[in-house]
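Every number in this text was worked out from the coordinates using simple rules, so none of it is lab data. Remember, predicted model here, so these are calculated numbers, not experimental data. Ideal geometry is used to build each Cβ from the backbone, glycine not excepted, and the neighbour counts take in all protein chains shown.
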């Protein structure tokens, strides 16, 4: 039922979600400035704190709270302390839209940091556009989108998926099996992967999807093993990865015999999956806990000091952490939390972050980011084996790739 709703809602511009939020799709309101009254500035944090996506999203919330705490300790923004208002999207896309509407309309937040899945973002997008309010979305995604009211602080396709494919190609992996969760990110990502494969001499041997939260993978793993691919490209999300990698290992698959490259498995998910089930497999991100620079050393130490030494950091939580700092910098530059002024001020802002230099591209409201390929180690951390050398300009519509010409249509 959830997937049926998603396909219907996305195709219809999510009018049903707006109606559920009590909003008229044609109505326009202005968000942002009201939140700055008094001694504090309210900001919204909206992630799945329950349900299948909690394995990934709780720590993004935690990283954003850390950034807010640090900014407040340094004097706040425009002389005011940031006041977080935390909501639970509950791994349910209509709930994300409902809670976004609440944060904007009732709580009067200046901005919202939130989401993980593209389904949650697609559900929230028309709410933010209707209210002319700002969402800072912290997770890598499938591209082919831009909104004047969303800042994308995770990777777009040319900063993660394409570098991942380039890596597999360089390793001689030309026969690929695609495995993903059944919603917009994996399906769109795999559409892009198939176009890349056709242009780069790669063969797609199979393409399988399972619902979010799915835990029975014996049939699928048998299909993968029988297809005999050189590698698997994995776009499963949430705790489905736990069952998938455990059952893949039970089927005799190892990283040496059949590497599984994942784009939604980071250090936090490795802990949940169990390192013995996933050791040696590659991942594609922009940041790892092991990334070497002074900003990351400080970030990792601060995160562990706040949440416990056993905690790990990961790309999505770092992008969420960055989002709070980037918004604060844009507000300082604008001299106000008013949305249009913040948007205007944001272009070209560059900060040294735990992943390295991050710059806001004013045209797309995406970030310049360094691509990194890593291998999961026996201690559960990720060792970088390749990086792009410098931040990559975001290209969400893949305009610079001739083979991608028909994808945006």
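Here residue 58 and residue 227 are evaluated by their C-beta separation; at R0 = 25 Å the FRET efficiency comes out at 0.10. Judged by the mean number of other Cβ atoms found within 10 Å, the most tightly packed of the peptides 188-199, 257-268 leads the ranking 257-268, 188-199.
With an a/c value of 1.5 or above and a/b not larger than b/c for the gyration tensor axes a ≥ b ≥ c computed over the alpha-carbon atoms, the range 261-311 is described as oblate.
In the range 229-303, the inverse of the mean reciprocal separation of distinct Cα atoms equals 13.4 Å; this is its Kirkwood hydrodynamic radius. In the chain, the DSSP beta bridges split such that about 35 percent are antiparallel, to the nearest 5. Summarising the strand pairing of the range 39-153, around 5 percent of its internal DSSP beta bridges are antiparallel. Any chance you could give the angle, 0 to 90 degrees and rounded to 10, that helix 93-105 forms with the longest Cα principal axis of the chain? In the chain, helix 93-105 runs at an angle near 20 degrees to the longest axis. When the alpha carbon gyration tensor of the range 202-328 is reduced to an equivalent ellipsoid, the three semi-axes, largest first, read 31, 15, 14 Å. Working note: Cα gyration tensor of the range 126-179, eigenvalues times five, square-rooted, sorted largest first, giving semi-axes of 32, 10, 7 Å. Dividing the mean sequence gap of close Cα pairs (under 8 Å, 6+ apart) by how many residues the range 141-202 holds gives a relative contact order of 39 percent. Counting beta carbons within 10 Å around each of 403, 116 and listing the fewest first gives the order 403, 116. Between the helical axis of 54-73 and the longest alpha-carbon principal axis of the chain there is an angle of about 40 degrees.
Ellipsoid fit via the Cα gyration tensor, the range 39-106: semi-axes of 24, 15, 5 Å, each the root of five times an eigenvalue, largest first. Principal-axis analysis of the Cα atoms of the chain puts helix 294-307 at an angle of about 80° to the longest axis. In plain terms, the residue of 150, 204 with the fewest other Cβ atoms within 10 Å comes first and the most crowded comes last, giving 204, 150.
Sequence-distant contacts, meaning Cα pairs under 8 Å at least 6 residues apart, place the relative contact order of the range 300-409 at 13 percent. Expressed per residue, the C-alpha convex hull volume of the range 67-152 stands at 102 Å³. Mean projected area of the Cα convex hull of the range 369-409, taken over all directions, amounts to 4.2 nm². Pairwise Cα distances in the chain exceed 29 Å for 40 percent of all pairs. Which whole number in µm²/s is D for the range 82-233 by Stokes-Einstein, with the Kirkwood Rh taken over Cα pairs at 25 °C and 0.890 mPa s? Estimated diffusion coefficient is 142 µm²/s. Computed over the chain, relative contact order equals 18 percent, with contacts defined as Cα pairs under 8 Å that lie 6+ residues apart. DSSP finds beta bridges in the range 263-383, and of those with both partners inside it, around 100 percent are antiparallel. Global dimensions of the range 262-409 from alpha-carbon coordinates: Rg and Dmax equal 17.1, 50 Å.
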